[in-house]
Amino acid sequence: MRAFKPVSNMEIHADGVSDKDTIEFMEDTLAVYRSLYQGMAPIGEWIQARVSRLVHEWLPGWLTSHGQIADIDTPEIQSRSWDIIVHKPVSESRGFPPPATPTGPYPLVPKDLCCAVIDTKGRYETPKKYAEAVGFDLFNTCKRKQLDFLGPQIAPILFIVASRSSAESIEAAGEACGISTFVMARAVDRKKAAWAEPVHWHLNSDAKGRIPLDRFREKLLRAAERWE
């Protein structure tokens, strides 16, 4: 079958990263980026679904939902929407809204069943925005930061495919404001407004040679173990 002709020119540079899962994830993500004209919505949903698949592989027995979190002790507040909530099944007896399918996603998840929340980003630079975001209430006047609402038992995570700034600086900024942040690559954009000039994605590893996907998995495993 003839392959779909890419509509834009983008290239990956491994820069010493040889992990098969990382290469596969980034090459597949790049294929999606290259194939769509105005594709922010489907690209975002694709990344979210792909990361959810990884979570299911790493944490059997846990579910993932796109939704908000509620606490019966503070019913007047809910979290903001997260792309991926990692949680245990929600019993019908809890009185929460039903899932879209028998296996989810759940639109609203009890706080005590969650171990992590993840927002996935294609291109992103400002994790501080997530740390400063407040929760939701009925009249949208909530003053409580949603990270305070989530508390120490739920790990907040940003998973970023690429950033223009160095991955190290973005990850450090996230950690400084309480959000574990993982950046897969640094993006070097076109210097000219010409589609013939490629965008370059340089894969990231930290000073110890650890790749973001491994650190992301370790964070989720620790969050699940702490919940247990």
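The values are calculated or read from the model by the stated rules, or taken from the named source; none is laboratory data. The structure displayed is predicted, hence computed values, not measured ones. FYI the Cβ positions are ideal-geometry reconstructions off the backbone, even for glycines, and counts take in every protein chain you see. For accessibility, only protein heavy atoms count, side chains too; no ligands or nucleic acids. Shrake-Rupley method; radii C 1.70, N 1.55, O 1.52, S 1.80 Å.
Counting only residues that are in a helix (DSSP H, G or I) and out of contact with any strand residue (DSSP E or B) (no Cβ under 7 Å at 6 or more places or on another chain), which one in the stretch 201-225 is least open to solvent (accessible area, probe 1.4 Å)? Show your work before the answer.
Within the stretch 201-225, the subset in a helix (DSSP H, G or I) is 212-225.
Then keep just the ones that are out of contact with any strand residue (DSSP E or B) (no Cβ under 7 Å at 6 or more places or on another chain); that gives 213-214, 217-218, 221-222, 225.
Values: L213: 3, D214: 47, R217: 65, E218: 80, L221: 64, R222: 125, E225: 132 Å².
The qualifying residue least open to solvent (accessible area, probe 1.4 Å) is L213.
Open to solvent by 50 Å² or more (accessible area, probe 1.4 Å) and either touching a Leu at 6+ places or on another chain (Cβ under 8 Å) or on the phi > 0 side of the Ramachandran plot (or both): is that true of G67 in this structure?
Numbers: open to solvent by 50 Å² or more (accessible area, probe 1.4 Å): no; either touching a Leu at 6+ places or on another chain (Cβ under 8 Å) or on the phi > 0 side of the Ramachandran plot (or both): yes.
No, not satisfied.
Go through the stretch 15-29 and give me each residue that's at pLDDT below 90 and either surrounded by fewer than 14 Cβ atoms within 10 Å (Cβ to Cβ) or over 22 Å from the mean Cα position of the chain (by Cα) (or both).
D15, G16, S18
How about the stretch 67-101: which of its residues are farther than 24 Å from I157 by Cα and among the β-branched types (V, I, T)?
T101
Conditions: (1) over 18 Å from A187 (Cα atoms); (2) in contact with a helix residue (DSSP H, G or I) (Cβ under 7 Å, 6 or more places away or on another chain). Q48 meets all but one. Number of the miss?
So the condition that Q48 fails would be (2).
For the stretch 48-64, check the following and say yes or no: at least one residue is basic (K, R), at pLDDT below 90 and open to solvent by 50 Å² or more (accessible area, probe 1.4 Å).
To start, the set of residues in the stretch 48-64 that are basic (K, R) comprises 50, 53.
After this cut, where a residue has to be at pLDDT below 90 as well, the list is none.
No - not one qualifying residue is present in the stretch 48-64.
If M40 passes every condition in (1) open to solvent by 70 Å² or more (accessible area, probe 1.4 Å); (2) over 19 Å from Y130 (Cβ atoms) but one, which one does it miss?
(2) is the only condition that M40 fails.
Output the residue which, of all residues in the stretch 71-100 that are within 18 Å of W227 (Cα to Cα) and not in a loop (DSSP other than H, G, I, E, B), is farthest from the chain's Cα centre (by Cα).
My answer is H87.
Collect the residues in the stretch 141-168 that are under 14 Å from the mean Cα position of the chain (by Cα) and either of a type in the set (A, V, I, L, M) or not in a strand (DSSP E or B) (or both), keeping them in residue-number order. Step through it out loud before you land on a result.
Here is the first cut: in the stretch 141-168, the residues under 14 Å from the mean Cα position of the chain (by Cα) are 155-163.
If the condition is that a residue be under 14 Å from the mean Cα position of the chain (by Cα) and either of a type in the set (A, V, I, L, M) or not in a strand (DSSP E or B) (or both), then A155, I157, L158, I160, V161, A162 are the ones that fit.
Considering every residue within the stretch 92-110, establish whether at least one is at pLDDT 95 or above, closer than 23 Å to L220 by Cα and of a type in the set (A, V, I, L, M).
Looking through the stretch 92-110, at least one residue is at pLDDT 95 or above, closer than 23 Å to L220 by Cα and of a type in the set (A, V, I, L, M).
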